[in-house]
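What follows is a short report on a single structure.
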Amino acid sequence: MSISTASAADSAVATNPPPPVRHNRRPRHAREWWLGALLVLPGMALAVTFKLVPLIRGVITSFESSSGFGDSSFAGWDNYTRMFDDPVVLASFRNALLVVATLPVWIVLPLVLAVLIHQRAPGWKFFRAVYFVPYTIAPIVVGIMFRQILSPDGPINALLRAVGLEPLAIEWLNGQNSALFSLVAVALWSFFGLGVMTYLAGLATIPEEVLEAAYLDGANFWRRLYSVVVPMLRPTVAYWSVLCASGVLIWLFPLIYALTQGGPGNATMLPEYLVFLTTFQFLDRGYGSAIGIALFVFVAVLSIFSVRHMFKEGTRKPR
Amino acid sequence: MFRRRLTGVLAAGVATAAMLAGCGGGGDAADGPVTLKVLTWEPGGSEYWQQVKTTFEASHQNIKLDLQSVPFDKYPEVQGPYITSQSGPDVMANNAGLELFDRRGAYVPLGDRAAEINKDLVTYSGACEGFDTSKACFGVPFSYQGNVLYFNKDVLRGAGLDPENPPATWDEFGAACEAIKNSGKTCLALGLSGTFPAYWDFPEIARNYLTEDDIRGLLAGTLSWKDPKLVQVLEKLAEITTKGWTNKNAPSITMLPDGADIFQRGDAAFAGTIISDAVNWEAFGKALGDDKLGVTRWPVINQSAPLAGKFSGIEGAVYGVTQWSEKKEAGLEFITWLAGKENGELWVKHAKGQPLNKNVDPALLPSSPAFKKIQEFVAEPTLHAGVMLSGPEADALARGWQQITLGQLTVDKWADQMQQALERSPTKKQGN
């Protein structure tokens, strides 16, 4: 117990602080506001110049009809109505839906691998580096590389035949469905390292003792993953999901370009590649823009749900 | 303090921008040589283009060349924005045919200059509207292009065939392919990913069914793909792969370089490619040996067809002066020189290509037996049906051929798809 030596008057002063001196805070606030605005301005200018303006220009062009690189005329909704009768456009969006259907693999596989690395499974340092290496290879190089690897007499089929799995040695890039899923598998191989890194960053925020407690309570790997890691990693999972949902539809261009060029037939034709073909090969700018806008809407609709969910998760008050 | 710093930074930025702008405008100085910016994919290779630059500049002290080289498969992506923004190079390359006519708004019509250039060329129409020299022409070619069938004499010999008498008819070709397959080799090296093989091989079949008027109808978009003649062309094109004459991975590989590699490795008897610019007789001769390389016409299907024995020829890369160039005279000077004798001889010597200028010294022509044989073929030219295809048609031809090869499509459905592609083509829309 301590005994106060202060006088009663002093004590009264201590408990009743003098009224604060009224500073004029407005100029400081104004300065901060201007500083903030100046810092944000370059980003805003870049976003407007390189995102908003091209988007608006794309919308305008999608209502135009042109022949080659010549002058264009107003086409109304023609480019949009044409899409519903165009088998190539319909095939490209059907393929896009099939690609979107592979999203669970894109989300879960890197998570499992990240958790294995995080809990220092044997060889974790080696795998942490190895998983990320494919992401550092230019996609166009990945495409050229896998064109050889997946050829009928390529190393994958040679390996399958060598281990007695001859029936599995198919023509990976020639089949109607195998070509698309081979393409997605190559993309996954190329990009999942980024997912592993993203999850590892998220896992670093989970207190060690929580995972240790689950381990001591006898929870196995999958139980820890499902009941501890996933709930605590929701914002990271949501972030990666949004990135994947939009990414699988706009990341694949260089791989399609190098690997299949949309073929065989239209088996690997995706809207983003069709935009390129229509605009630069067929020189149909208006129609190419209309397909591009349709893809934008498709990706936006897909992303909105994830972004809203992510926002809710991010702003949810802790219980 | 902050405001002063900000003002300083802005002032420095404006000064730097002004300095950079000043640096960029040096090529058009009134008292110095004019610098022509040339967009090219360097047909014939970079060594040849270095020679073009050195030789042209030596004889034209007042003009400098600034070559912007772009890989062929990236060319439209670079050229398109220049055209849409009406800015950029003073001279640009294009392939003749529809590819040029889709972009003709970017080029200055040559007017009377076309006739002046034309007088020394073996042939000159692919850069003129409708392949008609009496109409507007938009560029100048200097090389001659077209398709032949190269063969490896050793592979033919190994299959018990006479390399001095390669198959001349469709039936003989089929029989030869059977013999070659039995010897363990591929008959025809092919890569179907991309449009090249489709539009290279299509005219070789089409000559057996179409007249020159039909080919012009194809260009104008008035010949239907449901027309029995075109359906027959598709049927024969389909046979190339469905009869097993090609390597089985053809649908998923490119012709250049993958298909050509199969031939250059000595694993295939035949390869159908071009006579100039890219992988040609010179590259194959280097890989296999000139003495082992043979060249022949594509096998004839209908001996009585008027164009069956002709060569589907087309000018190679065409160079035109851009509408927005402020150095049009210098640009015209350069492209006229490109079509001239001096460049024709550089083309033969350094690019080993087939020249278009008839005054090229014959002593400079390569001594390769394959090249000499090609001289016989090109002497009987006709229109090249492949370059009459619009972008959507060329794409549908290539994709349809892939699907036919994989058994996913019938020829009738293929013809339907081709007709849909024709109707989608912005260039061939009737009424344009």
Looking at this structure, is A:W189 among the hydrophobic types (A, V, I, L, M, F, W, C) and within 14 Å of chain B (Cβ to nearest Cβ)?
no
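Would you say A:G218 is among the small types (G, A, S) and in contact with a Gly (Cβ under 8 Å, 6 or more places away or on another chain)?
Numbers: among the small types (G, A, S): yes; in contact with a Gly (Cβ under 8 Å, 6 or more places away or on another chain): no.
No.
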Helices (runs of 4 or more DSSP H) wholly inside the range A:1-90 that include at least 3 residues being at pLDDT 60 or above
A:26-47, A:53-61, A:78-85
Going through the range B:42-80 in order, the residues found to be small (G, A, S) and within 14 Å of chain A (Cβ to nearest Cβ) are B:G80
Among (1) surrounded by 15 or more Cβ atoms within 10 Å (Cβ to Cβ); (2) touching a helix residue (DSSP H, G or I) at 6+ places or on another chain (Cβ under 9 Å); (3) not in a strand (DSSP E or B), where does B:L67 come up short?
(3)
I'd like the residue in the range B:399-416 that is touching a residue at least 40 places away in the same chain (Cβ under 8 Å) and buried (at least 24 other Cβ atoms within 10 Å of the Cβ) and, out of all such residues, is nearest to the other protein chains (Cβ to nearest Cβ).
B:Q402
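Has the range B:87-104 got any residue that is in a helix (DSSP H, G or I), within 14 Å of chain A (Cβ to nearest Cβ) and touching a helix residue (DSSP H, G or I) at 6+ places or on another chain (Cβ under 6 Å)?
Here is the first cut: in the range B:87-104, the residues in a helix (DSSP H, G or I) are B:98-101, B:104.
Imposing the further condition that a residue be within 14 Å of chain A (Cβ to nearest Cβ) reduces the set to B:98-101, B:104.
Right, trim to touching a helix residue (DSSP H, G or I) at 6+ places or on another chain (Cβ under 6 Å) and you get none.
There is no residue in the range B:87-104 that is in a helix (DSSP H, G or I), within 14 Å of chain A (Cβ to nearest Cβ) and touching a helix residue (DSSP H, G or I) at 6+ places or on another chain (Cβ under 6 Å).
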Test: B:W324 is within 14 Å of chain A (Cβ to nearest Cβ) and of a type outside the set (G, A, S):
yes
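Please state which one of B:A168, B:A206, B:A176, B:A189 is in contact (Cβ under 8 Å) with a residue 60 or more places away in the chain, within 18 Å of B:I240 (Cβ to Cβ) and open to solvent by 30 Å² or more (accessible area, probe 1.4 Å). Reasoning before the result, please.
Values: B:A206 fails: open to solvent by 30 Å² or more (accessible area, probe 1.4 Å); B:A176 fails: open to solvent by 30 Å² or more (accessible area, probe 1.4 Å); B:A189 fails: open to solvent by 30 Å² or more (accessible area, probe 1.4 Å).
Going through B:A168, B:A206, B:A176, B:A189 in turn, the sole match is B:A168.
Can B:P228 be described as within 28 Å of B:S390 (Cα to Cα), out of contact with any strand residue (DSSP E or B) (no Cβ under 6 Å at 6 or more places or on another chain), surrounded by fewer than 17 Cβ atoms within 10 Å (Cβ to Cβ) and touching a residue at least 60 places away in the same chain (Cβ under 8 Å)?
Numbers: within 28 Å of B:S390 (Cα to Cα): yes; out of contact with any strand residue (DSSP E or B) (no Cβ under 6 Å at 6 or more places or on another chain): yes; surrounded by fewer than 17 Cβ atoms within 10 Å (Cβ to Cβ): yes; touching a residue at least 60 places away in the same chain (Cβ under 8 Å): no.
It is false that B:P228 is within 28 Å of B:S390 (Cα to Cα), out of contact with any strand residue (DSSP E or B) (no Cβ under 6 Å at 6 or more places or on another chain), surrounded by fewer than 17 Cβ atoms within 10 Å (Cβ to Cβ) and touching a residue at least 60 places away in the same chain (Cβ under 8 Å).
Could you list, in sequence order, the residues of the range A:25-82 that are β-branched (V, I, T) and more than 12 Å from every other protein chain (Cβ to nearest Cβ)?
The answer is A:V40, A:V48, A:T49, A:V53, A:I56, A:V59, A:I60, A:T81.
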So, in the range B:289-334, exactly how many residues are part of a loop (DSSP other than H, G, I, E, B) and within 30 Å of B:V233 (Cα to Cα)?
15
Which one of these is closer than 21 Å to B:G313 by Cβ, charged (D, E, K, R) and within 14 Å of chain A (Cβ to nearest Cβ): B:E393, B:E380, B:E376?
B:E393
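Can you say whether A:R161 is among the charged types (D, E, K, R) and within 14 Å of chain B (Cβ to nearest Cβ), as far as the supplied structure shows?
Numbers: among the charged types (D, E, K, R): yes; within 14 Å of chain B (Cβ to nearest Cβ): no.
Here the answer is no, as A:R161 does not meet what is asked.
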Which of the residues belonging to the range B:80-94 are of a type in the set (S, T, Y) and either more than 20 Å from B:E42 (Cβ to Cβ) or surrounded by fewer than 17 Cβ atoms within 10 Å (Cβ to Cβ) (or both)?
B:T84, B:S85, B:S87
Keeping to the range B:417-432, report how many residues are within 11 Å of another protein chain (Cβ to nearest Cβ), open to solvent by less than 20 Å² (accessible area, probe 1.4 Å) and outside any loop (DSSP other than H, G, I, E, B).
1
Would you tally the residues in the range B:32-64 being of a type in the set (D, E, K, R), at negative phi and not in a strand (DSSP E or B)?
3
Answer yes or no: is there a residue in the range B:2-19 that is among the small types (G, A, S), part of a loop (DSSP other than H, G, I, E, B) and either open to solvent by less than 70 Å² (accessible area, probe 1.4 Å) or modelled with pLDDT of 90 or more (or both).
no
Would you confirm whether or not the range B:297-306 contains a residue that is hydroxyl-bearing (S, T, Y) and touching a strand residue (DSSP E or B) at 6+ places or on another chain (Cβ under 9 Å)?
no
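Please give the helices (runs of 4 or more DSSP H) falling wholly within the range A:208-319 in which 3 or more residues are within 14 Å of chain B (Cβ to nearest Cβ) and not β-branched (V, I, T).
So the answer is A:253-259, A:271-276, A:285-315.
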If you take the residues in the range A:167-186 that are more than 13 Å from chain B (Cβ to nearest Cβ) and open to solvent by 50 Å² or more (accessible area, probe 1.4 Å), which one is nearest to A:A114 (Cα to Cα)?
A:A185
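The values are calculated or read from the model by the stated rules, or taken from the named source; none is laboratory data. Only a predicted model underlies this, so the values are computations on that prediction, with no experimental measurement involved. Cβ sites come from the backbone with ideal geometry, for glycine too, and all protein chains shown count toward neighbours. Accessible surface is based on the protein model in full, side chains and every heavy atom, while ligands, DNA and RNA are left aside. Shrake-Rupley method; radii C 1.70, N 1.55, O 1.52, S 1.80 Å.
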